[in-house]
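Here's the structure we're looking at; comments come further down.
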Amino acid sequence: MLDVGCGAGIFSIEFMMKNKHLKINHLVLCDIDENALANSFQNIVYYKEMFNLDKITIIKSNLLKDLPFKFKNYFDVVLANMPQTPSKQRIRSKLLIEIGDKHGGLLGIELYCELFEDLTKFTKTEFKTYIL
């Protein structure tokens, strides 16, 4: 399972709580913010015993751009909870890093559009995507 824009990991935790019947072999959390990654790691480790979870990987990544090649065609569940607030300017994720903006671009969907451009490289043929 991949959680893109994981923040504090709450979306992953909630998903696993609601789907305890699922066996999650590997949870990969990625975010562009190092503080968010530290918080997500603490939260997932705290709740880890409640879930059927074997392995956790935390990756600092600009959407999917920094995911290792070993994750190609790897995920069958993808979670995403990224900024969706419209901005006064068109913003791509690279610019978000530079200015620290927490918006989703001019329409609020640009980060998701960029995510969807690359998503199928990292997912199995049949996969589910959950967006919050």
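3J(HN,Hα) along segment 40-47, derived from phi through the Karplus expression 6.51 cos²θ - 1.76 cosθ + 1.60 where θ = phi - 60°, amounts to 5, 4, 4, 5, 5, 5, 4, 9 Hz, with x in place of Gly and Pro. Amide H to amide H, with H built 1.01 Å from N, residue 76 comes under 5 Å of 124, counting only residues 5 or more places away or on other chains. The local environment of residue 76, defined by Cβ-Cβ distances under 9 Å, has a net charge of +1 under the rule Lys, Arg +1 and Asp, Glu -1. Entry note, segment 1-55: relative contact order of 48 percent, from Cα contacts under 8 Å with a spacing of 6+ residues. The trypsin sites (Lys or Arg not before Pro) found in segment 1-56 that occupy coil by DSSP, while having at most 16 further C-beta atoms within 10 Å, are 20, 23.
Other residues whose C-beta falls under 13 angstrom from the C-beta of residue 60 contribute a net charge of -3, scoring Lys and Arg +1 and Asp and Glu -1. Charge tally around residue 5: other residues with Cβ under 10 Å, Lys/Arg +1 each, Asp/Glu -1 each, net -3.
Each reported figure results from applying straightforward, stated rules to the coordinates on display, with no laboratory input. Predicted model only: the values in this text are computed from it and were never measured. Cβ coordinates were reconstructed from backbone atoms using ideal geometry, including for glycine residues, and neighbour counts include every protein chain displayed.
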